[in-house]
1. Classify region 167-250 as rounded, prolate or oblate, taking a ≥ b ≥ c as the square roots of the eigenvalues of its Cα gyration tensor: rounded when a/c is under 1.5, otherwise prolate if a/b is larger than b/c and oblate if not.
2. How do 95, 233 line up, fewest other C-beta atoms within 10 Å first?
3. By average Cβ neighbour count within 10 Å, what is the ranking of 173-183, 187-197 from highest down?
4. Using alpha carbons only, how many angstrom separate the centre of region 1-63 from the centre of region 123-169?
5. Could you work out how far helix 18-29 tilts from the main Cα principal axis of the chain, as a 0 to 90 degree angle to the nearest 10?
6. Taking the Cα-to-Cβ direction at residue 151 and at residue 125 and moving 7 Å from each Cα, how far apart do the two end points lie in nm?
7. For residue 250 and residue 204 in one chain, what is 0.36 nm times their gap in residues minus the Cα-Cα distance, to one decimal in nm?
8. Measure nothing but the geometry: give the 0 to 90° angle between the long axis through the Cα atoms of 219-229 and the longest principal axis through the Cα atoms of the chain, rounded to 10°.
Ligand SMILES: NC(=O)c1ccc[n+]([C@@H]2O[C@H](COP(=O)([O-])OP(=O)(O)OC[C@H]3O[C@@H](n4cnc5c(N)ncnc54)[C@H](O)[C@@H]3O)[C@@H](O)[C@H]2O)c1
């Protein structure tokens, strides 16, 4: 443990498993108290962190629901008496299959926008007021926005919106001394990605396009999140960091 995040209090959305659970574990390892939330039960993930010596809490939250996000803010206040770090990681991603834009059902388009766009705005709306100057908000997009990738147009549109919100919100919340930055990962072998049909072939072609010719695992994203959550990045806001092994070069 580095102690880099000692005394910091963090909420991570979409933390029941996958990259969100890795963020929670990484922040806890560096000394933060963590509140894990998800539409699925996070009790198991939080318990594992508690067993390892962390202060970890959990909440059942639909990030696209205003009342749920208000309740999440209350839970953060009750458990941790405030907040220093918010990672808006929850999204519809692992459950989506590749499809041409003409084949996307309207309901699927609307669900992706509700969770991936509104589900970033609502946690920030309710939780940023708990944060003191120095607080750090991290949003999660994707390198696909920069690569121009086919067959997930709704997902890519939602993540481009996340980058737009990151830039606008850094201006609004900068007045309160809060920072807002975005991480745009490349394909990462989370549990749900590993379940996707045809993933082995797609992964190999993506690996071939990277400067670093290897698979990325959830832990590969964690260091950037720890840096952006910590005071080491205290003058950085409104930025988007692509973490993809040198796939997209900007
Ligand atoms: N894995 C990748 O290749 C990759 C690449 C780029 C970006 N990302 C982004 O990283 C993040 C995590 O990726 P992952 O692979 O772990 O995704 P995932 O789909 O496996 O996990 C997303 C988590 O969000 C939760 N969630 C979904 N809807 C929710 C809701 N309405 N309210 C609360 N929680 C909800 C899910 O239950 C799940 O635990 C996502 O934002 C994703 O878009 C992932």
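1. prolate
2. 95, 233
3. Working: 173-183: 19.0, 187-197: 15.5.
For the peptides 173-183, 187-197, the packing ranking is 173-183, 187-197.
4. Distance between centres, Cα-based: 20 Å.
5. Approximately 30 degrees, to the nearest 10.
6. My value for the distance between the label points is 3.5 nm.
7. Full extension from residue 250 to residue 204 adds 14.3 nm.
8. Helix 219-229 sits at roughly 40 degrees to that axis.
The numbers here are math on the coordinates, done by the rules we state, and not lab data. Everything numeric in this text was worked out from a predicted model, so none of it was measured. Quick reminder, even Gly has a Cβ in these numbers, built from the backbone with ideal geometry, and neighbours come from all protein chains shown.
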